[in-house]
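Here is the structure we will look at.
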Amino acid sequence: MRFFIDTADIGEIRDLAATGLVDGVTTNPSLVAKTGRDFIEVLKEICAIVPGPVSAEVAATDTQTMLSEGRLLAAVAKNVVIKVPLTPDGLKACRAFTDEGTPVNVTLCFSAAQAILAAKAGARYVSPFVGRLDDIGADGLDLIADIVEIYNAYPDFTTEVLVASVRGAAHVVESAKMGAHVATLPPAILRAMFKHPLTDKGLEAFLADWAKTGQSILDTKTNGTANGSKSTRRRA
Ligand code: E4P
């Protein structure tokens, strides 16, 4: 499963990209508004930090203006993916961008029927919003299961399932079990995925026991490399 991060915050993107775990970035108008910065400048910076796909969403609602906005956004960098809403105009724009060779992320998907339309419009990604479905008492993960099943039944559907509106690690784990291609994670959720109390406890105990040995792995007196007496060759 690939991980995108769901933010337009350059500091967060830089920090998390350094983990080597970030395959791409998704933004939306709300995330860009939070930065208080110029969209094109922010987009340029994100694309320079992360070489993978960076989704940039159009703000227009009619196909023609979506196409003009999307072409402008796509010119910012080679890794820009144009994000359009799952509306008739959005899907017309999706087809046009796809035919031009520009990848599209169809966003605001809340049903399997919509996901079928996105695939037929040639979307590179469809973004089902699991968290927002959970918020209204539906089961967002059921939608992921349905879309994965449907797409798997039709090998000519090349659209990837990009799990969006992720609220916790369980959304990621369950979607991964279903075979969803990508999850886009708010930074706090990616950070939370590292954590387990037994990891912290175990590490604390190992460090305490290690301190008792009085040794330092980097100290050449104790690692045996000072006089070349021990081989540094690795064993498989
Ligand atoms: C990403 O592409 C979506 O815009 C985002 O995941 C929506 O998340 P939210 O429901 O937390 O706003």
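Condition first: of a type in the set (A, V, I, L, M), within 16 Å of the ligand (Cβ to nearest atom) and closer than 23 Å to residue 121 by Cβ. Now tell me which residues in the range 150-182 satisfy that.
Taking the range 150-182 as the starting set, the residues that turn out to be of a type in the set (A, V, I, L, M) are 150, 153, 161-164, 166, 169-170, 172-173, 176, 178, 180, 182.
Checking which are within 16 Å of the ligand (Cβ to nearest atom) leaves us with 161-164, 166, 169-170, 172, 180, 182.
The answer is 161, 162, 163, 164, 180, 182.
Can you tell me how many residues within the range 1-53 are within 13 Å of the ligand (Cβ to nearest atom) and outside any strand (DSSP E or B)?
Total satisfying the criteria: 11.
Could you tell me whether residue 188 is exposed (fewer than 13 other Cβ atoms within 10 Å of the Cβ) and either in contact with a helix residue (DSSP H, G or I) (Cβ under 6 Å, 6 or more places away or on another chain) or of a type in the set (A, V, I, L, M, F, W, C) (or both)? Reasoning before the result, please.
Numbers: exposed (fewer than 13 other Cβ atoms within 10 Å of the Cβ): yes; either in contact with a helix residue (DSSP H, G or I) (Cβ under 6 Å, 6 or more places away or on another chain) or of a type in the set (A, V, I, L, M, F, W, C) (or both): yes.
So residue 188 passes the test.
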Would you point out the residue of the range 121-141, among those that are among the aliphatic types (A, V, I, L, M) and outside any loop (DSSP other than H, G, I, E, B), that is farthest from the ligand (Cβ to nearest atom)? 141
Determine whether residue 25 is over 13 Å from the mean Cα position of the chain (by Cα), modelled with pLDDT of 95 or more and surrounded by 13 or more Cβ atoms within 10 Å (Cβ to Cβ). no
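Of the residues 36, 20, 11, which is free of Cβ contacts under 8 Å to residues at least 60 places away in the same chain, under 22 Å from residue 173 (Cα atoms) and not basic (Lys, Arg)? So that I can check it myself, show each step before the final result.
Working: 36 fails: under 22 Å from residue 173 (Cα atoms); 11 fails: under 22 Å from residue 173 (Cα atoms).
Result: 20 is the single residue among 36, 20, 11 that is free of Cβ contacts under 8 Å to residues at least 60 places away in the same chain, under 22 Å from residue 173 (Cα atoms) and not basic (Lys, Arg).
So is residue 81 under 19 Å from residue 127 (Cα atoms) and either within 14 Å of the ligand (Cβ to nearest atom) or at pLDDT 95 or above (or both) or not?
Judged against the criteria, residue 81 is a match.
With 134, 139 as the choices, which residue is surrounded by fewer than 14 Cβ atoms within 10 Å (Cβ to Cβ), assigned by TED's automatic domain parsing to the domain that holds residue 87 and among the acidic types (Asp, Glu)? Break it down stepwise before answering.
Values: 134 fails: surrounded by fewer than 14 Cβ atoms within 10 Å (Cβ to Cβ).
Within the list 134, 139, the selection yields 139.
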Would you call residue 19 assigned by TED's automatic domain parsing to the domain that holds residue 185, under 15 Å from the mean Cα position of the chain (by Cα), of a type in the set (Ser, Thr, Tyr) and surrounded by fewer than 18 Cβ atoms within 10 Å (Cβ to Cβ)? yes
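The values are calculated or read from the model by the stated rules, or taken from the named source; none is laboratory data. Everything quoted here is computed from the prediction, not taken from an experiment. Cβ atoms come from the backbone with ideal geometry, glycine included; neighbour counts cover every protein chain shown.
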